[in-house]
């Protein structure tokens, strides 16, 4: 169980960097050429990988590849929604709730054999 907690924490950190690398340039570097935004995003993504690679290595010792992927998607949505609302100033949409419910269904199917 400790490996799962460490994996979740590392993936959470990774996803914060990933979200900023993928989307913050839209707000902060919109007037700059795309290659500058790509370079800045690449630098941020380096930190993402510093958390993501150990997270997946640790997680793979106790979780299947599919379970790791679904876990990562849950964390991505958990990070993306507040980022979208608070940083990018996007309105909260019911679609986020629906997407979350779909992911909960995926969690059930991927993890059901682990708890059966």
Which numbered condition residue 42 fails, given (1) over 19 Å from residue 110 (Cα atoms); (2) more than 14 Å from the chain's Cα centre (by Cα); (3) touching a residue at least 40 places away in the same chain (Cβ under 8 Å): (3)
Residue within the stretch 26-35 that is surrounded by 14 or more Cβ atoms within 10 Å (Cβ to Cβ), in a helix (DSSP H, G or I) and either at negative phi or at pLDDT below 95 (or both) present: no
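Does any residue of the stretch 57-71 turn out to be assigned to a helix (DSSP H, G or I) and closer than 25 Å to residue 28 by Cβ? Write out each step before concluding.
First, pick out the residues of the stretch 57-71 that are assigned to a helix (DSSP H, G or I): 57-59, 65-71.
After this cut, where a residue has to be closer than 25 Å to residue 28 by Cβ as well, the list is none.
No; the residues of the stretch 57-71 include none that is assigned to a helix (DSSP H, G or I) and closer than 25 Å to residue 28 by Cβ.
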Any hit, the stretch 74-82, residues being modelled with pLDDT under 95 and more than 28 Å from residue 112 (Cα to Cα): yes
The stretch 83-96, residues that are part of a helix (DSSP H, G or I) and loosely packed, with under 11 Cβ neighbours inside 10 Å: 86, 94, 95
Residue count for the stretch 1-20, restricted to those that are more than 15 Å from residue 75 (Cβ to Cβ) and at pLDDT 95 or above: 2
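The values are calculated or read from the model by the stated rules, or taken from the named source; none is laboratory data. In this text the structure is predicted, and so the values were computed from the model without any measurement. As a convention, Cβ positions derive from the backbone with ideal geometry for all residues, glycine included, and neighbour counts pool all protein chains shown.
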